[in-house]
1. Restricting attention to region B:254-263, report how many residues are without any contact (Cβ under 8 Å) to a residue 60 or more places away in the chain and assigned to a helix (DSSP H, G or I).
2. Being at pLDDT 80 or above, assigned to a loop (DSSP other than H, G, I, E, B), among the small types (Gly, Ala, Ser) and over 16 Å from B:LEU247 (Cβ atoms) is the filter here, so list the residues in region B:49-92 that pass it.
3. Looking at this structure, is B:LEU266 surrounded by 15 or more Cβ atoms within 10 Å (Cβ to Cβ), free of Cβ contacts under 8 Å to residues at least 24 places away in the same chain and either away from every other protein chain (no Cβ under 14 Å) or within 19 Å of the chain's Cα centre (by Cα) (or both)?
4. Could you pull out the residue among A:LEU103, A:LEU5 that is within 14 Å of chain B (Cβ to nearest Cβ) and surrounded by 22 or more Cβ atoms within 10 Å (Cβ to Cβ)?
5. Output the number of the condition that A:ARG74 fails; it satisfies all remaining conditions of (1) facing chain B (nearest Cβ under 9 Å); (2) farther than 25 Å from A:ALA184 by Cβ.
6. Considering every residue within region A:179-190, establish whether at least one is without any contact (Cβ under 8 Å) to a residue 60 or more places away in the chain and small (Gly, Ala, Ser).
7. Only residues that are away from chain B (no Cβ under 14 Å) and of a type in the set (Val, Ile, Thr): list them for region A:121-165, please.
8. Which members of region A:304-321 meet the condition of being assigned to a loop (DSSP other than H, G, I, E, B) and surrounded by fewer than 18 Cβ atoms within 10 Å (Cβ to Cβ)?
Amino acid sequence: MTPVLEVDGLSVGFRSDDGEVLALDDVSLRVEPGEIVGVVGESGCGKSTLGLSIMGLLPGSASVRGGGVRLGGRDLLTLPPGELRRLRGSEVGMIFQEPMSSLNPVMPVGRQIGEVLRRHRDLGRTAAAARAVELLDLVGIPDAGRRSRAYPHQLSGGMRQRVMIAIAIACEPKLLIADEPTTALDVTVQAQILDLLRSLRDRVDLAIMLITHNLGVIATMADRVSIMYAGRKVEEGPTRDILDTPRHPYTARLLASTPQAARSAAVSAAAGGPGGSVEAGGRRLAEIPGRVPTMTAPATACTFQARCHRDVDLCTRVRPELEPAGGGLVACFHPEESW
Amino acid sequence: MTAVTAVDTTTERVVRRRGVLRRIAGHRTGRIGLVLVGGVVLVALLAPVLAPFGPEEITGTPALTGPSGAHWLGTDELGRDVASRIIWGSRTSLQVSVLATLLALLVALPLGLMAGYFRGRLDTVVMRLTDTGLAFPFIVLAVGLTAIFGPSMVNAAIAIGISQVPMLIRVVRGEALAVREEDYIAASVADGAGSARILGRHVLPNIVNTLIVQVTVLMPFAIITESMLSFLGLGVQPPTPSWGVMLTAAQAYTAQAPWLAVFPGLAIFVAALGFNLLGDGARDALDPRRAR
């Protein structure tokens, strides 16, 4: 089966006052139909840049330095702007972190959904409006007919994120890029939105690229996960493997710095077992000393080396490449043997 | 008492039709402005009914007669009814201000929107032209236009409209600059919307409130400026009544017949005040930070 999305050795640079900053360094990613792939990393690791470059939405200061992005076998980076615009919203949809501000405040939500349909599907005003109500119903908004005439400020954050999802899937795209879709929402609402995304994957065979910093979200959602650090992918594999037996020291320490309750829930959810035991608080969370380096050139050493608890000479001289390990890939000379 | 009730019912009817007007009417200052402006518009529309005499009609009454039962605001130097001329003159004032404002919007809106949304070289060019326009003295422009095309109401309106274009471009551009950074613009780009659609469906509707406020600033400016141009002989030509023309004629008789200057001046004052209050009300009532 052809993968929905293939990112192949993508490098993206940003112009800045201190010369070029490399936001993505030789990143590859595959998303199969109906698969949920998580992309995890802390702020500035390049995960959002990855999403934007797939959509062709990089800001003017950014440029692709190499590699390719193929959507359903078509090369997106060489596509003329008009073609790319036709793809956006119809073949690939995107939802953002901020449902509070991602809707036009002066247009009823039903019409905002209808806009996409009229643009990509050539529907008339009435047909688009009717379909918009169906979509609102599909994303679980009660009383969809009346809500479609509501303005964004009359809806709650969760409702608005549902509307954003309705817009993104209106034209039945094969891929949905969700960039921190639940970060701005209450925890209970987060769970509902994640449930919705999962049910959409099952019902309309939607592949989802889930960008997040939240390992708990990944545990309950993703089939496979890629861990990013400083613009490079450091580890990739089936979610369960990664959470159970992280091999890259960064992944391991990222897990160790996650609050215990969330982590045990995450691990047990990934293991498919019953809810993990919640440890009583009081223990200080492990933190990762130091900060993410800013890359100005392709790495010549391990990017995580400065923050790694092991001090190995090799890591400062040679860049580790992604090598098969367990069920996935890891870029480390001394992967953790067991958790 | 009955007069007040009548005004209230008409405002209420207008108010029910438009959400914007309703919000302005809910604001105390805005309500006064709405009543004043609505009054001026009604007077202009109903001029043939309201005016006891024709605008250029020379009544039998002697010239320069003071206010009386037959002529509420007196007669002018040719024995014409001042009240009737002020009533008919409201049409000129409104026509000029509407025409000038529309012209300014027509030029400034697309330029400002595109400059603010696209940025880049277009923005630079538009902004430098705007600077040039702002540096150009308005009276010289008005005199130049009249010299070429002759003095008339339309030419006065064109001059006033053009003079307001640079300021309006700046306002529109500033708003477009702010709106283009909003998340919903990025979201609609991600949904595959083209620039034209984004400008028309997302940017423009989100700056309408600012535009409404701008219009309420432009209108009184145009009314006052029309009076000024007519006063200088660059605008409406006698015998057509305009509040400015009436002021010009009145200056020779200020001592003998002060009402000739007082009443047109009062009319200008009321209309300008009305629009300004309406603008104040609109600004407060439409400010999303207060509304939400």
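1. 2
2. B:ALA51, B:GLY54, B:SER68, B:GLY79
3. Taking the combined requirement at face value, the residue does not satisfy it.
4. Result of the check over A:LEU103, A:LEU5: A:LEU103.
5. (1)
6. No; the residues of region A:179-190 include none that is without any contact (Cβ under 8 Å) to a residue 60 or more places away in the chain and small (Gly, Ala, Ser).
7. Hits for region A:121-165 are A:THR126, A:VAL133, A:VAL139, A:ILE141.
8. A:HIS309, A:ARG310, A:ASP311, A:VAL312, A:VAL318, A:ARG319, A:GLU321
The values are calculated or read from the model by the stated rules, or taken from the named source; none is laboratory data. All values reported here derive from a predicted model rather than from experimental measurement. Cβ atoms come from the backbone with ideal geometry, glycine included; neighbour counts cover every protein chain shown. For the accessible areas, the whole protein counts, side chains as well, though only heavy atoms, and no ligand, DNA or RNA atoms are used. Shrake-Rupley method; radii C 1.70, N 1.55, O 1.52, S 1.80 Å.
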